[in-house]
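Chemist: Take this structure, written in structure tokens, and hold onto it; I'll ask about it next.
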Amino acid sequence: MSSTKIAIFDTTLRDGEQSPGCSMYLEEKISMARQLERLGVDVIEAGFPFASEGDFRSVVAVANECRDTTIAGLCRTVPSDIYKAAEALKTARRSRIHTFVATSDIHLEYKLKKSRAEVIDMAANAVRIASENADEVEFSAEDATRSDVDFVCEVFKAAVENGATVLNVPDTVGYTLPTEYAALVRAVKERVVGDKNVTISVHCHNDLGLAVANSLAAIEAGATQVECTINGVGERAGNASLEELVMAMAVRADKMPYTNNIDTTQLYPASQLLSSIVSFGVQPNKAIVGRNAFAHEAGIHQHGVLSNPLCYEIMTPESVGVPKNSIVLGKHSGRHALIARYEALGFDLNDSQIADIYPRFIALADRKKNVYDQDLMALAPVRVPTAIAA
Ligand code: KIV
Ligand code: ZN
């Protein structure tokens, strides 16, 4: 079996940030973006520049900071949005304008109040302007999975004719099923893409808990870009979780012959960093990065794992970057151990931040016997409001 490269498009800073409790300050977005780059994602969607001044500044800052990754900015199919995104992305090493319009009848009638012909014109015009103002253009047919497939293909054809090289098929409301989604992707591949150099992307929400399964089904049907977020954060029930997608492909490479650029040992640090930024952590039983993902409580399981971890572990904790707890942090720990632990958790602290944290760490260790990762995250750098940081 030959292996196909799957591009990982991370939207933690855009779709992720759109969910309740997930808003991030500028400095936090920058450190998250740095971690995403360490992780090896192909595209960072850094924000929706027209939505707010804060979003605009974040996209500018991430574009300046992350030089190895394509930076995307989201916009509606409205010229003012597109020019704003182009301005935010102008210093990016490689810029991508991601423009979207809904294609389902329900959105056309109640939200956009537009005819199908008007939506085709909006898509064509937006993609044309975007392609003159960025290195690449991605076009999304919002609510594609509840849209008429003939119409989705018509809109996609107009987008490709005007310069889009990535076509995204979002399951905006997390409604589709794996076989149905795969059929939609196959239709787009056969009827729109053919032998053109155009990437099919998938973007799944998790309202029925199927975001990862749907994304994998779509990849099998021909999609070569997957949109996802750290810890699966995102609108409502979230987006497809990056760590679950990547580890499913890694662990089941026997059935899914795909490659990607991700350094899986950076998954846990990315998850921990995001948890320290947003106002909620991951559920303990969350696949890959939850506190219990590698914990064994039952005696039979403990015996099995001690004899050979393969009995109950399909991947090693080290392969996803869960640090070995050989060093227990307490009141006798020095700065080196503390810095090393923060690094393992994905924090890149400077000297003044260490100088601020260390005495507070010692004070805490005086009160508690052991200091755990959650405690370190609570001590981590103070939030810097966008207005001050900018
Ligand atoms: O869920 C969705 O449809 C989106 C688009 C903007 C891609 O987030
Ligand atoms: Zn979305």
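Chemist: Using the Karplus curve 6.51 cos²θ - 1.76 cosθ + 1.60 with θ = phi - 60°, what ³J(HN,Hα) values do you get for each residue of segment 236-249, in whole Hz, with x for Gly and Pro?
Modeler: Karplus-based 3J(HN,Hα) across segment 236-249 equals 6, 7, x, 9, 4, 7, 4, 5, 6, 4, 5, 6, 4, 5 Hz.
Chemist: Three principal axis extents, largest first, for the C-alpha atoms of segment 1-109, in Å?
Modeler: Each principal axis gives a Cα extent; for segment 1-109 these are 43, 42, 30 Å.
Chemist: Could I ask something else about it? K189: which lysines have alpha carbons under 25 Å from its alpha carbon, excluding same-chain residues fewer than 8 sequence positions away?
Modeler: The qualifying lysines are K5, K157, K255.
Chemist: For K111, give me every one of the aspartates and glutamates with a C-alpha distance below 19 angstrom, ignoring sequence neighbours fewer than eight places off in its own chain.
Modeler: Within the straight-line cut-off, K111 pairs with D81, D121, E142, D143, D148, D171, E235.
Chemist: As an exercise, use a Förster radius of 25 Å and the Cβ-Cβ distance of A337 and R252 to find the FRET efficiency, rounded to the nearest 0.05.
Modeler: About 0.10, to the nearest 0.05.
Chemist: Each residue of segment 96-101 in order: what ³J(HN,Hα) in whole Hz does its phi give by Karplus 6.51 cos²θ - 1.76 cosθ + 1.60, θ = phi - 60°, with x for Gly and Pro?
Modeler: Couplings: 10, 8, 10, 10, 9, 8 Hz.
Chemist: Taking the highest mean first, how do the peptides 84-96, 101-113, 268-280 order by number of other beta carbon atoms within 10 angstrom per residue?
Modeler: Per-residue mean Cβ counts within 10 Å order the peptides as 268-280, 84-96, 101-113.
Chemist: Let me ask something else. Can you list the lysines whose alpha carbon sits under 24 Å from that of K368, skipping same-chain ones fewer than 8 residues off?
Modeler: By straight Cα distance, K368 reaches K324, K331.
Chemist: May I pose another question? Could you sort the peptides 116-129, 69-82 by per-residue average Cβ neighbour count (10 Å cutoff), highest mean leading?
Modeler: By packing density, highest mean first, the sequence is 69-82, 116-129.
Chemist: Could I ask something else about it? Mind ranking 154-163, 19-28 by how tightly packed they are, going by the mean number of other C-beta atoms within 10 angstrom, highest first?
Modeler: 154-163, 19-28
Chemist: Report the extension gain between A183 and D195 in nm, rounded to one decimal, defined as 0.36 nm multiplied by the number of residues separating them, less their alpha carbon distance.
Modeler: Extending this stretch completely gives an extra 2.5 nm.
Chemist: Hey, what D do you get for segment 243-307 in µm²/s if you plug the Kirkwood alpha-carbon radius into Stokes-Einstein at 4 °C and 1.567 mPa s?
Modeler: 94
Chemist: With a Förster radius of 22 Å, plug the Cβ-Cβ distance of A51 and E87 into 1/(1 + (r/R0)^6) and report the FRET value to the nearest 0.05.
Modeler: For A51 and E87, the calculated efficiency is 0.95.
Chemist: Oh, and also: Compute the angle between helix 178-188 and the longest alpha-carbon principal axis of the chain, please, reported from 0 to 90 degrees and rounded to the nearest 10.
Modeler: It works out to around 50 degrees.
Chemist: Tell me what the chain gives for mean residue ellipticity at 222 nm when only DSSP H runs of n ≥ 4 count, each as -39,500 (n - 2.57), the sum divided by the residue total, rounded to 500 deg cm²/dmol.
Modeler: My calculation for the chain gives -12000 deg cm²/dmol from helical runs alone.
Chemist: Label 7 Å along Cα→Cβ of K114; segment 148-166 residues with amide nitrogen under 14 Å?
Modeler: 152, 155-156, 158-159
Values in this text are rule-based calculations from the coordinates and carry no lab data. Because the structure is a prediction, the values reported are computed rather than measured. Neighbour counts run over all protein chains shown; Cβ positions are idealised from the backbone, glycine included.
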